[in-house]
Amino acid sequence: MRITIILAMLMGVTGSPNGTISPQAASTDTMAHPNCIPEAADKTEKIEVPTENVMATGELNPNHYPARRAAQVVQHYLNTRYGSPFRLIGVQKVHSANAEDVADSGRKYQLELSVKETISNTTENCSAELFFPRGVEQHSPKVQASCEALLKIDTKAQEEALYQEYKRNQSLVSAQNLPDSHGRIAPDMEPFWQLGILASSFIMLNESNENTLYNVAQVANITQLATEDDQLKFDCHTLLHDMVSQEIIHWKLLFTWSPAEGVKVLQMEKLPHRHEQEEPPNTN
(Lines give C-alpha, C1' and ligand atoms only; values in the text may rest on other atoms or scores of the structure.)
Protein backbone atom coordinates (compact mmCIF):
# COMPACT_ATOMS: atom_id res chain seq x y z
CA MET A 1 0.00 0.00 0.00
CA ARG A 2 1.36 3.39 -0.97
CA ILE A 3 2.16 5.67 1.91
CA THR A 4 2.39 9.42 1.65
CA ILE A 5 4.48 10.62 4.52
CA ILE A 6 3.33 12.88 7.28
CA LEU A 7 6.42 14.91 8.08
CA ALA A 8 5.19 16.05 11.46
CA MET A 9 6.86 17.89 14.27
CA LEU A 10 7.13 16.36 17.67
CA MET A 11 6.92 17.33 21.29
CA GLY A 12 8.49 17.12 24.74
CA VAL A 13 9.17 13.59 25.93
CA THR A 14 11.03 11.81 28.67
CA GLY A 15 10.98 8.18 29.72
CA SER A 16 12.69 4.82 29.51
CA PRO A 17 12.42 2.03 26.93
CA ASN A 18 11.00 -0.82 28.95
CA GLY A 19 7.82 -2.79 29.14
CA THR A 20 5.72 -4.65 26.60
CA ILE A 21 2.47 -3.71 24.93
CA SER A 22 0.59 -6.12 22.68
CA PRO A 23 0.35 -5.11 18.99
CA GLN A 24 -2.76 -3.95 17.17
CA ALA A 25 -3.35 -3.65 13.42
CA ALA A 26 -3.49 -0.17 11.89
CA SER A 27 -3.96 1.44 8.51
CA THR A 28 -0.87 2.83 6.78
CA ASP A 29 -2.66 4.58 3.92
CA THR A 30 -1.79 8.16 4.87
CA MET A 31 -1.64 11.55 3.19
CA ALA A 32 -0.03 14.80 4.23
CA HIS A 33 -2.02 16.84 6.72
CA PRO A 34 -2.11 20.61 6.17
CA ASN A 35 -0.57 21.35 9.59
CA CYS A 36 2.59 19.39 8.74
CA ILE A 37 5.81 20.95 7.50
CA PRO A 38 7.79 19.03 4.89
CA GLU A 39 11.36 17.96 5.50
CA ALA A 40 12.56 20.90 3.43
CA ALA A 41 10.39 23.99 3.83
CA ASP A 42 11.34 25.16 0.35
CA LYS A 43 9.58 22.73 -2.00
CA THR A 44 12.27 23.24 -4.63
CA GLU A 45 14.98 22.14 -2.21
CA LYS A 46 15.94 18.48 -2.63
CA ILE A 47 17.54 16.18 -0.09
CA GLU A 48 20.31 14.00 -1.46
CA VAL A 49 20.31 10.51 0.06
CA PRO A 50 23.56 8.68 -0.78
CA THR A 51 23.61 5.17 -2.19
CA GLU A 52 26.81 4.39 -0.31
CA ASN A 53 27.53 4.68 3.38
CA VAL A 54 30.21 7.36 2.98
CA MET A 55 30.06 10.35 5.32
CA ALA A 56 31.73 13.63 4.39
CA THR A 57 33.83 15.67 6.78
CA GLY A 58 34.46 19.39 6.95
CA GLU A 59 31.95 21.85 5.56
CA LEU A 60 28.76 20.12 4.36
CA ASN A 61 26.22 21.09 1.74
CA PRO A 62 23.21 22.19 3.85
CA ASN A 63 20.78 20.64 1.35
CA HIS A 64 22.35 17.19 1.27
CA TYR A 65 21.51 14.16 3.38
CA PRO A 66 24.19 14.32 6.12
CA ALA A 67 23.30 17.90 7.09
CA ARG A 68 19.54 17.35 6.81
CA ARG A 69 19.72 14.14 8.82
CA ALA A 70 21.62 15.85 11.61
CA ALA A 71 19.15 18.75 11.59
CA GLN A 72 16.23 16.32 11.84
CA VAL A 73 17.72 14.84 15.02
CA VAL A 74 18.07 18.36 16.43
CA GLN A 75 14.40 18.87 15.62
CA HIS A 76 13.43 15.83 17.68
CA TYR A 77 15.58 17.10 20.54
CA LEU A 78 14.08 20.60 20.48
CA ASN A 79 10.59 19.14 20.61
CA THR A 80 11.50 17.12 23.70
CA ARG A 81 12.52 20.40 25.37
CA TYR A 82 10.05 22.98 24.08
CA GLY A 83 7.14 21.09 22.55
CA SER A 84 3.52 20.80 23.63
CA PRO A 85 0.27 19.72 21.94
CA PHE A 86 0.05 23.33 20.75
CA ARG A 87 3.73 23.95 19.96
CA LEU A 88 5.21 21.78 17.19
CA ILE A 89 8.74 22.48 15.98
CA GLY A 90 10.16 21.66 12.55
CA VAL A 91 13.38 22.42 10.73
CA GLN A 92 12.82 25.16 8.20
CA LYS A 93 16.33 25.56 6.77
CA VAL A 94 19.90 24.46 7.48
CA HIS A 95 22.13 27.51 6.99
CA SER A 96 25.50 25.85 7.59
CA ALA A 97 26.84 22.47 8.72
CA ASN A 98 30.22 21.03 9.57
CA ALA A 99 31.22 17.46 10.47
CA GLU A 100 34.39 16.00 11.95
CA ASP A 101 35.55 12.58 13.11
CA VAL A 102 36.31 12.36 16.84
CA ALA A 103 39.07 9.71 17.01
CA ASP A 104 37.34 6.32 16.87
CA SER A 105 34.49 7.33 19.15
CA GLY A 106 32.11 8.92 16.64
CA ARG A 107 31.34 12.02 14.57
CA LYS A 108 30.47 15.53 15.67
CA TYR A 109 28.27 17.96 13.74
CA GLN A 110 28.00 21.73 14.18
CA LEU A 111 24.82 23.27 12.76
CA GLU A 112 23.30 26.69 12.24
CA LEU A 113 19.63 26.38 11.38
CA SER A 114 16.24 28.02 11.53
CA VAL A 115 13.27 26.21 13.02
CA LYS A 116 9.59 26.92 12.58
CA GLU A 117 6.82 26.57 15.13
CA THR A 118 4.17 25.15 12.85
CA ILE A 119 0.99 26.33 14.59
CA SER A 120 1.89 30.00 15.14
CA ASN A 121 4.07 30.08 11.99
CA THR A 122 6.94 31.60 14.00
CA THR A 123 10.56 31.14 12.87
CA GLU A 124 13.60 31.24 15.16
CA ASN A 125 17.34 30.67 14.61
CA CYS A 126 19.44 28.35 16.72
CA SER A 127 22.84 26.68 16.90
CA ALA A 128 23.34 23.02 17.69
CA GLU A 129 26.05 20.45 18.31
CA LEU A 130 25.32 16.80 17.62
CA PHE A 131 27.44 13.74 18.34
CA PHE A 132 26.79 10.28 16.87
CA PRO A 133 28.67 7.62 18.88
CA ARG A 134 30.31 4.67 17.13
CA GLY A 135 30.44 1.11 18.37
CA VAL A 136 28.99 -2.36 18.05
CA GLU A 137 26.03 -1.40 20.22
CA GLN A 138 23.89 1.51 19.09
CA HIS A 139 23.80 4.48 21.44
CA SER A 140 21.54 7.48 21.22
CA PRO A 141 23.00 10.65 19.69
CA LYS A 142 23.98 13.43 22.06
CA VAL A 143 22.56 16.85 21.27
CA GLN A 144 23.28 20.30 22.66
CA ALA A 145 20.94 22.99 21.37
CA SER A 146 19.00 25.90 22.80
CA CYS A 147 16.21 28.04 21.41
CA GLU A 148 14.60 29.76 24.39
CA ALA A 149 12.71 32.11 22.05
CA LEU A 150 10.34 29.22 21.35
CA LEU A 151 9.02 29.54 24.89
CA LYS A 152 7.71 33.00 24.06
CA ILE A 153 4.96 31.25 22.10
CA ASP A 154 2.44 31.06 24.97
CA THR A 155 0.28 27.93 24.85
CA LYS A 156 -0.56 27.68 28.56
CA ALA A 157 -4.24 28.58 28.26
CA GLN A 158 -4.83 26.08 25.43
CA GLU A 159 -3.00 23.32 27.29
CA GLU A 160 -4.91 23.91 30.52
CA ALA A 161 -8.25 23.92 28.71
CA LEU A 162 -7.42 20.61 26.99
CA TYR A 163 -6.21 19.08 30.23
CA GLN A 164 -9.27 20.11 32.25
CA GLU A 165 -11.70 18.95 29.57
CA TYR A 166 -10.30 15.42 29.37
CA LYS A 167 -9.41 15.12 33.03
CA ARG A 168 -13.09 15.57 33.89
CA ASN A 169 -14.44 13.65 30.90
CA GLN A 170 -16.30 10.50 31.98
CA SER A 171 -15.91 8.80 28.59
CA LEU A 172 -12.28 8.13 27.69
CA VAL A 173 -11.29 9.38 24.24
CA SER A 174 -10.06 7.03 21.51
CA ALA A 175 -9.10 7.75 17.90
CA GLN A 176 -7.75 5.75 14.97
CA ASN A 177 -5.89 6.57 11.75
CA LEU A 178 -4.77 10.13 12.36
CA PRO A 179 -4.83 11.32 9.64
CA ASP A 180 -7.10 9.07 7.57
CA SER A 181 -6.42 7.97 3.99
CA HIS A 182 -7.63 11.35 2.71
CA GLY A 183 -5.34 13.34 5.03
CA ARG A 184 -8.24 14.41 7.27
CA ILE A 185 -8.33 14.81 11.03
CA ALA A 186 -11.41 15.93 12.96
CA PRO A 187 -10.60 19.25 14.69
CA ASP A 188 -11.26 17.85 18.17
CA MET A 189 -8.81 15.00 17.48
CA GLU A 190 -5.89 17.20 16.41
CA PRO A 191 -4.45 17.56 19.95
CA PHE A 192 -4.37 13.77 20.30
CA TRP A 193 -2.70 13.36 16.93
CA GLN A 194 -0.11 15.86 18.14
CA LEU A 195 0.29 14.06 21.47
CA GLY A 196 1.02 10.83 19.60
CA ILE A 197 3.63 12.67 17.59
CA LEU A 198 5.18 14.09 20.75
CA ALA A 199 5.63 10.67 22.28
CA SER A 200 7.11 9.40 19.01
CA SER A 201 9.77 12.11 19.11
CA PHE A 202 11.42 10.33 22.03
CA ILE A 203 11.70 7.14 19.95
CA MET A 204 13.05 8.98 16.92
CA LEU A 205 15.66 10.80 19.00
CA ASN A 206 16.66 7.57 20.72
CA GLU A 207 16.80 5.46 17.55
CA SER A 208 18.52 7.92 15.20
CA ASN A 209 22.00 7.26 13.83
CA GLU A 210 24.05 8.29 10.80
CA ASN A 211 22.03 6.02 8.52
CA THR A 212 18.46 7.03 9.45
CA LEU A 213 16.05 9.88 8.78
CA TYR A 214 12.84 9.46 10.78
CA ASN A 215 9.43 11.06 10.48
CA VAL A 216 5.96 10.14 11.74
CA ALA A 217 3.79 8.54 9.06
CA GLN A 218 0.62 8.09 11.12
CA VAL A 219 -0.77 7.84 14.61
CA ALA A 220 -2.65 4.62 13.96
CA ASN A 221 -4.38 4.49 17.34
CA ILE A 222 -4.41 6.53 20.51
CA THR A 223 -6.58 5.63 23.51
CA GLN A 224 -6.96 7.46 26.81
CA LEU A 225 -6.63 5.22 29.86
CA ALA A 226 -8.17 5.62 33.28
CA THR A 227 -5.83 7.04 35.93
CA GLU A 228 -6.17 8.49 39.42
CA ASP A 229 -3.09 10.71 39.34
CA ASP A 230 -2.73 14.20 37.87
CA GLN A 231 -1.57 13.02 34.43
CA LEU A 232 -3.63 12.09 31.40
CA LYS A 233 -2.55 8.60 30.33
CA PHE A 234 -2.53 7.16 26.81
CA ASP A 235 -1.86 3.95 24.94
CA CYS A 236 -0.60 4.69 21.43
CA HIS A 237 0.32 2.82 18.25
CA THR A 238 2.43 4.98 15.94
CA LEU A 239 3.98 4.36 12.52
CA LEU A 240 7.44 5.79 11.83
CA HIS A 241 8.95 6.16 8.37
CA ASP A 242 12.70 5.87 7.84
CA MET A 243 13.30 7.80 4.61
CA VAL A 244 16.66 6.07 4.05
CA SER A 245 15.55 2.43 4.25
CA GLN A 246 11.94 3.27 3.23
CA GLU A 247 10.73 1.10 6.12
CA ILE A 248 7.48 1.77 7.97
CA ILE A 249 8.17 0.82 11.58
CA HIS A 250 5.40 0.15 14.10
CA TRP A 251 5.81 1.16 17.76
CA LYS A 252 3.57 0.81 20.80
CA LEU A 253 3.80 3.44 23.52
CA LEU A 254 2.39 4.07 26.96
CA PHE A 255 2.76 7.71 27.97
CA THR A 256 1.34 10.46 30.16
CA TRP A 257 0.81 14.17 29.63
CA SER A 258 -0.09 17.25 31.67
CA PRO A 259 0.66 20.95 31.17
CA ALA A 260 2.95 20.89 34.20
CA GLU A 261 4.94 17.75 33.34
CA GLY A 262 4.74 17.53 29.55
CA VAL A 263 4.88 14.13 27.84
CA LYS A 264 6.54 11.25 29.66
CA VAL A 265 7.01 7.90 27.93
CA LEU A 266 6.51 5.06 30.41
CA GLN A 267 6.84 2.06 28.10
CA MET A 268 7.68 1.50 24.46
CA GLU A 269 7.99 -1.52 22.22
CA LYS A 270 9.06 -1.93 18.61
CA LEU A 271 6.58 -4.22 16.91
CA PRO A 272 7.41 -6.85 14.28
CA HIS A 273 6.79 -6.17 10.60
CA ARG A 274 3.18 -6.57 9.55
CA HIS A 275 3.73 -9.95 7.88
CA GLU A 276 5.40 -11.18 11.08
CA GLN A 277 2.36 -10.12 13.13
CA GLU A 278 -0.08 -12.09 11.00
CA GLU A 279 -0.99 -15.56 12.25
CA PRO A 280 -0.49 -18.50 9.88
CA PRO A 281 -3.62 -19.62 8.04
CA ASN A 282 -5.75 -22.37 9.52
CA THR A 283 -5.08 -25.53 7.51
CA ASN A 284 -7.68 -27.68 9.24
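Restriction of the GluC sites (Glu not before Pro) in the range 83-185 to DSSP coil positions whose beta-carbon has at most 15 other beta-carbons within 10 angstrom yields GLU137. Extension gain, SER146 to LEU225, is 25.1 nm, computed as 0.36 nm per intervening residue step minus the present C-alpha separation. Of the solvent-accessible surface of the range 223-277, computed with a 1.4 Å probe over protein heavy atoms with every protein chain present, carbon and sulfur atoms account for 46 percent.
How high is the relative contact order of the range 119-177, given as a whole-number percent (alpha carbon pairs under 8 Å, six or more residues apart)? Taking the mean separation of contacting Cα pairs over the length of the range 119-177, I get 25 percent.
With a ≥ b ≥ c taken as the square roots of the eigenvalues of the C-alpha gyration tensor of the range 175-242, please select rounded if a/c is under 1.5 and otherwise prolate if a/b is larger than b/c or oblate if it is not? It comes out oblate by the Cα gyration axes.
Rolling a 1.4 Å probe over the protein heavy atoms of the range 152-201, with every protein chain left in place, gives an accessible area that is 49 percent carbon and sulfur. Pairwise alpha-carbon distances in the range 129-250 exceed 18 Å for 64% of all pairs.
Spatial offset of the range 88-110 relative to the range 211-278 amounts to 26 Å, using the alpha carbon center of each.
Between their Cα atoms, which of LYS93/LYS116; LYS167/LYS233; LYS167/LYS270; LYS108/LYS142; LYS233/LYS264 are more than 18 Å away from each other? Show your work: numbers first, answer last.
Numbers: LYS93/LYS116 9 Å; LYS167/LYS233 10 Å; LYS167/LYS270 29 Å; LYS108/LYS142 9 Å; LYS233/LYS264 9 Å.
Over 18 Å apart, Cα to Cα: LYS167/LYS270.
The values are calculated or read from the model by the stated rules, or taken from the named source; none is laboratory data. Note that this is a predicted model, so its numbers are computed, not measured. In this analysis, Cβ positions are derived from the backbone assuming ideal geometry, glycine residues included, and neighbour counts consider all displayed protein chains. To get the accessible areas, we keep the full protein, side chains included, count just its heavy atoms, and leave off ligands, DNA and RNA. Shrake-Rupley method; radii C 1.70, N 1.55, O 1.52, S 1.80 Å.
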